[in-house]
Structures are given as C-alpha cells and as structure tokens.
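Comments concern the structure below.
Any read-out appearing in this document is the output of simple, stated calculations on the displayed coordinates, not a laboratory observation. Computed from a prediction, not measured in an experiment: that's the story for all the values here. Cβ placement follows ideal geometry from the backbone for every residue including glycine, while neighbour counts extend to all protein chains displayed.
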Amino acid sequence: MFAEQRYTCTTGTVPSYSATAYPPTYCPHPTSGEQSLLASPVRRPLPTGTYTKRSGDIVLTLTEQEEHYSSPSYGRQGSVNGIIDIGNRKPITEVYVKLEGEMVLVVPDRSAQTTQLFKDEHLLWKCDPSSSKSSSLCPSQIPFTCTFPLTFAERGTNDRIPLPPSLKQYFPGHFSAHTKYCLKIKIVRGRQPIVRRVFTGVKTFVIVIPINYSPRTRPPYSIRTNSDFLTDLKIAPEEWHQTVSTINSIREHEIPGVECHLFVPSLKIFSFLDRIPVHISLTGSLRSLQDFVISPSADSTQSQPIRLYILRQLLVQIHDHSKYIKNTIIGEGSVQEIPPHKDDMVQEGIDESNEGVLNWKGELSICNHGVGLVGGFDAGALAVRDFIVLQVRPLSPNSSLLLRETSVRIKLVTDVAGSEI
C-alpha cells in the first residue's frame with residue numbers, strides 16, 4: 001500500500017511588470033543600419049490605362065493597359081478585358097470575340113510552316129427572333145473577357161509547351177520567324193430592306209487588334225557582383241560553374257597546350273539589366289603562357305587575348321527535320337587582369353618550363369539593357385537561346401597555339417531578381 005501524501009499550495013503575489021521600452025515602430029523599408037535578409041516579391045499592380053479602337057460606329061475599349069504602350073500588352077495567363085460599344089444596333093444579329101495566336105516560320109524558296117498556338121472564341125450575343133422586339137435588339141455595350149493559356153500543344157505531339165512571347169524576326173536570305181497574337185471582334189448584320197421587297201445580304205464586320213504577349217520572368221535570387229572571386233570560391237564553391245577547355249598547340253612537344261578555366265555564376269539565369277561577373281584562368285607552362293602576355297611597351301590599341309560576349313541564337317526547325325540558325329551578339333564584356341600580373345612572366349632568369357597561371361576578372365552586360373529583346377524560350381519549332389562566349393586568342397599570328405572558343409548556355413529573363421511581375 002502506498003502512503004497517502006498531501007500537498008499544500010500557497011498563492012503569492014505576482015510581481016509587477018512595467019515595460020522599460022516600447023517596441024520599435026514598423027517600417028516597410030530598411031532604415032539606417034538595417035538590411036533585408038529575405039523578402040517575398042509582390043505582384044505588380046494592374047495598370048489603370050485603357051486602349052481604344054474605333055471603327056465606324058463600333059468602339060472597342062480594352063482596360064488594364066499601360067498608358068505609354070502603342071498596342072495592348074499582356075503577361076503570362078493575362079486576361080483580356082474589354083467593352084464593345086455599338087452605335088447602330090438594329091441590324092446586328094450576332095457578336096463574337098476571339099483571342100488567338102499562331103507561329104509562322106518561313107524559309108524563302110524552301111519551306112514554310114504555320115502552327116496555331118491557341119484559339120479562345122466566344123459568342124457574346126445572338127438575336128432571338130422568337131423573343132419580344134425589345135429583347136432582340138443588340139445591347140449598346142457588351143463586356144467580354146478572354147484569357148491567354150499557359151501552354152500550347154506542340155505540333156505532332158501531345159506535349160504541352162509554355163506559350164512563346166510575341167516575336168518578329170526577319171533575316172533576308174535566311175528565314176523569318178513570327179509569333180503573333182490578335183484579338184478579333186466579329187459583328188454580323190442581318191438582312192435589311194433597302195426598298196420594298198428588296199433586302200441587303202448578311203454582312204460580317206471584323207475588327208482585328210494585334211496583341212503583344214510578353215510573359216515576365218525573374219531569376220530566383222540576385223547574383224553577387226562586387227565580391228572577391230577566390231574568397232567566394234573557397235567559401236561557397238557551389239556558387240560558381242566551371243567550364244574547362246584546352247587551347248591546343250600545333251607543336252605540342254615544344255609549346256604545350258594551355259588549360260582554360262571559365263567561371264560563371266552557377267545560377268546561369270540573368271536579367272537584361274544584370275551585370276554578369278566572370279573569372280578566367282589560363283594555366284600551363286610559362287613558355288606557352290607568354291603568347292597571351294601583352295608587353296609593357298605595347299601600344300594601347302593592341303588587341304587583347306581575351307574577348308567576352310553574349311551570343312543570342314535563334315533556331316528554327318521546320319517539319320521536324322530542317323534546322324536553321326542565326327547568331328547575333330547582344331552583349332559585350334570587359335576584362336581586367338588580376339594579380340599575379342602578366343608582367344611578372346617576362347622577367348629574365350625564369351625557367352620557361354615551370355607552370356604558371358594568368359587570371360582575369362570580367363563583367364558582361366546586355367546592349368541597351370535588352371530594349372526590344374524577349375527572354376529566352378523554347379517553343380519546339382522555334383527557340384531563342386543565349387550563351388556566354390569566351391574567346392582566347394594568342395597575340396602573335398605566328399603562335400603555335402590555336403584560337404579557342406568556349407561557350408556556356410545561360411537563360412536571359414525580363415526582370416531582375418525580387419522585382420514585381
């Protein structure tokens with residue numbers, strides 16, 4: 001048997017409490033000495049402007065438009081909202097609205113291909129002859145809504161592919177590529193008497209408005225641009241993507257080849273406004289590396305051994321077999337040597353068979369901040385791809401070392417990290 005235990009609880013006085021300081025007031029933006037560690041992006045507010053198209057007694061108004069745009073523009077899965085104002089309503093029997101997109105690829109004198117991306121059509125109003133006279137009259141204002149789909153069906157397959165942005169590219173003598181979207185308003189006017197027992201035929205009136213489809217995309221996070229590369233590589237090597245290639249020599253036994261290392265941010269997704277940091281290292285024998293050393297007394301106009309640029313590739317594939325490619329340079333880079341300096345390699349008394357290294361840091365930017373460009377995409381028969389290209393060229397045309405070109409696939413997007421889309 002357990003012995004019974006009794007407990008006595010006594011109640012004391014709770015100590016008094018007084019706040020020594022009030023909590024700080026909330027501020028949505030960092031103040032002096034503060035910084036944002038993480039912030040969830042906010043969707044950009046819908047624009048409040050309108051676009052108006054007048055044709056005869058028909059006025060079409062599209063809402064939620066930017067004031068300075070010359071044509072209606074919509075983003076990913078955008079809703080096309082508008083109102084049709086009709087003047088002469090009596091002869092109208094049907095009113096339709098249709099939002100559609102198509103991709104047209106043409107290679108002169110060879111082949112062409114047209115793909116319908118989607119079609120969203122609605123009957124907005126139809127006259128009912130059996131109803132009363134007042135209800136058979138077309139309304140003076142008819143609102144409507146159409147929506148861009150997120151994807152479309154790839155030609156010849158059941159695969160769903162993201163809808164490509166509006167694009168119009170023409171390369172004389174090569175090919176043309178056009179992804180276009182438009183809104184169509186169709187108004188059907190019935191038979192009307194012009195004189196006794198003489199009637200007009202049925203007439204169809206169509207208003208066509210080109211639409212700019214511009215889906216916005218941003219990188220998942222920002223890249224660091226002012227950091228020290230070697231420090232970053234030790235602390236966070238996963239932040240850099242390394243591409244290794246060999247600069248070959250036609251006289252390998254005398255002048256060995258050189259190993260080229262190109263480092264770019266591993267994210268490989270950049271906006272048109274980003275300044276993309278890169279690092280280049282050349283490793284090899286001092287004898288070989290001297291072919292990339294600019295003499296201290298050389299003219300300032302002498303060509304550099306390193307060139308960086310951004311290449312945009314437009315690829316067209318017609319009927320699943322014929323491929324056509326057009327390359328365009330859309331960005332340039334600047335490079336600067338970093339210690340140890342190249343001048344140290346031309347000192348006398350150094351064994352040329354020793355291993356050495358040359359380092360450059362560089363930065364790439366898009367020409368005109370990407371004005372007029374669309375983000376990279378792949379729509380099956382049409383693709384826009386971007387690459388960072390490194391070109392390493394020996395300074396002497398008589399060098400045994402050959403020109404080496406290295407490329408890294410990247411993706412360019414419309415907005416900077418953290419922006420509202």
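Placing dummy labels 7 Å off each Cα toward the beta-carbon, the span from L402 to S32 is 6.2 nm.
Near the amide H of I338, within less than 5 Å, lie the amide hydrogens of N359, W360, K361, all on another chain or at least 5 residues away, with H placed in the peptide plane. Scanning residues 5 or more positions from L124 or on other chains, those with amide H under 5 Å from its amide H are V95, Y96, V97, with H placed 1.01 Å from N in the peptide plane. Working note: Karplus 6.51/-1.76/1.60 with θ = phi - 60° gives the stretch 404-421 the couplings 10, 10, 10, 10, 10, 6, 10, 10, 9, 10, 7, 10, 7, 4, x, 7, 7, 10 Hz, where Gly and Pro are set to x. Placing dummy labels 7 Å off each Cα toward the beta-carbon, the span from C182 to K119 is 1.4 nm.
With Cα atoms defining each centre, the stretch 203-235 and the stretch 352-406 are spaced 21 Å apart in the structure.
Summing +1 for each Lys or Arg and -1 for each Asp or Glu among the other residues whose beta-carbon sits under 9 angstrom from that of T283 gives -2.
Modelled label positions at E154 and S303, each set 7 Å beyond Cα in the direction of Cβ, lie 4.0 nm from each other. Provide the net charge surrounding V59, with neighbours chosen by a C-beta distance below 10 Å and charges set as Lys +1, Arg +1, Asp -1, Glu -1. Every neighbour counted, the sum reads 0.
Under a Cβ-Cβ cut-off of 13 Å, what is the net charge of the residues other than L150 that fall near it, where Lys and Arg count +1 and Asp and Glu count -1? So the surrounding residues net to +1. The magnitude of the dipole of the stretch 49-213, with charges of +1 and -1 set on the Cβ of Lys/Arg and Asp/Glu and taken from the Cα centre, is near 880 debye.
Normalised by the number of residues in the stretch 154-291, the average gap of Cα pairs under 8 Å and 6 or more apart makes the relative contact order 15 percent. The length gained on full extension between D109 and L311, counted as 0.36 nm times the residue separation minus their Cα-Cα distance, comes to 69.9 nm.
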